[in-house]
Amino acid sequence: LLSLFYSGAHRQALKVAEEQRAGGPAIPIISAIEAHLLEEAGDLAGAERLLVELVGKEPDNPDHRIRLAYLRYRSGDYEGSKQAVLGVGVDEIKGNAHQLLALAKVRAWLDLDGVLELAYRARRVGFDNADIHQAYVSLVLHRKRDQDATLQVERIRPGTTVHLEGDDGRKQIFTVVEGLDADLHRGELLSSDPVALKLLGRTAGEMVNLKQTELETVTLRIAKIESQYVYAFQETLLN
């Protein structure tokens, strides 16, 4: 079945899946493929029926709930789609970039909040995947207009990226993150980090003493503050 599916022989794959199920209840993996093929063939009702059964059989598999939300949206059942989406917790999928993006897309279609946060998490997890970056850019560009306030920041707070400059030409960039594991190699700081504590609440133009010892004093100026979502968007475009 998998060989037929991935080789593009979808009509044969659907026949095999239907023969295996033999009109009975949904079978994990087999019925997941069958639901995909039914959806492709335009049988949205049949695909939804199998996904509902799979959700009952494998309640811990968020893929089924995300696909069910997508399918219900396609069929015009927006309330049913919303219920399926709200049943997927971020903690369930935080390590899977594709699931994060899929959930972000459906939430965007339903005009729900949390789209940029999910897309940002997906970009961090799938940072080496060009398709993930492309999807992130698309979601930022097609965000809800009322999310613009989230992208406009004046003071340093969790969720902002800070650009620092020194008189000697030294430059540093930090992103203060919240609800994530900070990646120090990418300049991320938890809000409880000593450096972050020196930055939080400050505005552009202020001087910050980041380090002071008998041998060295490091004082930098806050050159720019921006949303972490904006910085990630620009970084993706530039690189």
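Rounded to 0.05, the FRET efficiency of the Val195 and Lys57 pair, given R0 = 41 Å and the Cβ-Cβ distance, is 0.25. Can you give me the % of accessible surface on the range 62-129 that is carbon or sulfur? Probe 1.4 Å, all protein chains present, nothing else counted. The computed percentage sits at 44.
Using a 1.4 angstrom probe on the protein heavy atoms only, line up Asp167, Asp148 by accessible area, largest first.
Putting Asp167, Asp148 in descending order of accessible area: Asp167, Asp148.
Return the subset of Lys15/Lys94; Lys82/Lys224; Lys57/Lys105; Lys144/Lys198 for which the Cα-Cα distance in this structure is over 29 Å, preserving the input order. Over 29 Å apart, Cα to Cα: Lys15/Lys94; Lys82/Lys224; Lys144/Lys198. Remark: the Lys211-Ala41 segment gains 54.9 nm on full extension, using 0.36 nm per residue and subtracting the alpha carbon distance.
Using 0.36 nm times the number of residues separating Gln20 and Glu92, minus their current alpha carbon distance, what extension gain do you get?
Length gained between Gln20 and Glu92: 22.9 nm.
Once both labels are positioned 7 Å from their Cα atoms along Cα-to-Cβ, the gap between Ser138 and Arg157 label points is 3.1 nm. Potential lengthening of the chain between Arg186 and Glu165 amounts to 5.8 nm, from the contour at 0.36 nm per residue minus the alpha-carbon distance.
By the equivalent-ellipsoid construction on the alpha carbon gyration tensor, the range 175-239 comes out with semi-axes of 23, 15, 12 Å, ordered largest to smallest. The accessible area of Thr217, taken with all protein chains in place and a 1.4 Å probe, comes to roughly 80 Å². Once you divide the Cα radius of gyration of the chain by 2.2 N^0.38 Å, the number left is 1.30. For the range 1-136, the per residue solvent-accessible surface stands at 51 Å², with DNA, RNA and ligands left out and a 1.4 Å probe.
The values are calculated or read from the model by the stated rules, or taken from the named source; none is laboratory data. Here the structure is a predicted model, which is why all the values come from computation and not from measurement. Neighbour counts are summed over all protein chains in view; Cβ atoms, including those assigned to glycine, are modelled from backbone coordinates with ideal geometry. Ligands, DNA and RNA are excluded from the accessible area calculation, which covers all protein heavy atoms including side chains. Shrake-Rupley method; radii C 1.70, N 1.55, O 1.52, S 1.80 Å.
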